[in-house]
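Worksheet for the structure shown next.
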Amino acid sequence: MQQGDTGRFTIGVFQDAATAEAGVGALRQKGFPPEALSLIAKEGPQAAGLFQQALGTPAPTLLLTGLGAVMAAGPLVDALERGGASLAQVDLARALKHVGFQIHDGQIFQKLVERGGILVAVRTESRAADVLSTLHACGGGNAAIGAWTGRLTL
């Protein structure tokens, strides 16, 4: 076992780019900066526009095991790669274990993205409950809080 300190994330998956845009807008109004946000979505023009608006950069494309080509950016993606979970070799569900999510949570997130949902993650521990309630209020399905300080991951 290793001590996990790759970040504390709260994740929700939105049905489409329009609802994700509303959720990201609500998070931004509450003071969460673009550098705290992460997005993962299947490739498409609407998702690309959301990445540009939410993060201020074009969406990089990655090949993820189990999902194929997706757009993915932000501190969650960086933390998963640093945590030893090469996203090209390990599916999203298993990779999320490296930031404190249970495998069943990861499987749900992966399935929702596979069906066209847009995963939105926020890196924060001190305001995780605020993020969780905002994601729920804006339609972020299966929203959950990941690792807390000192939690061990396998």
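Read-outs: derived from the displayed coordinates by stated rules, not from any lab. Just so it is clear, the structure is predicted and the values come from calculations on it, not from any experiment. Cβ atoms come from the backbone with ideal geometry, glycine included; neighbour counts cover every protein chain shown.
Tabulated data
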| item | result |
| --- | --- |
| 14 Å beta-carbon shell around L64, net charge (K/R +1, D/E -1) | -1 |
| Placed amide H near G146: partners under 5 Å, 5+ positions off or other chain | F9, T10, I11 |
| Pair T65, A48: separation of 7 Å Cα→Cβ label points (nm) | 2.9 |
| Options A54, H136, L64, ranked by Cα towards positive dipole end of the chain, top entry (Cβ charges) | H136 |
| Enclosed volume per residue, in Å³, of the convex hull spanned by Cα atoms of segment 41-124 | 83 |
| Expected 222 nm ellipticity per residue - DSSP helices of 4 or more, -39500 (n - 2.57), all of the chain, to 500 | -11000 deg cm²/dmol |
| In nm, spacing of pseudo-spin labels at D16 and A129 (7 Å Cα→C-beta vector) | 3.5 |
| Neighbour-count ranking [beta-carbon atoms within 10 angstrom, fewest first] of L76, L63, L87 | L63, L87, L76 |
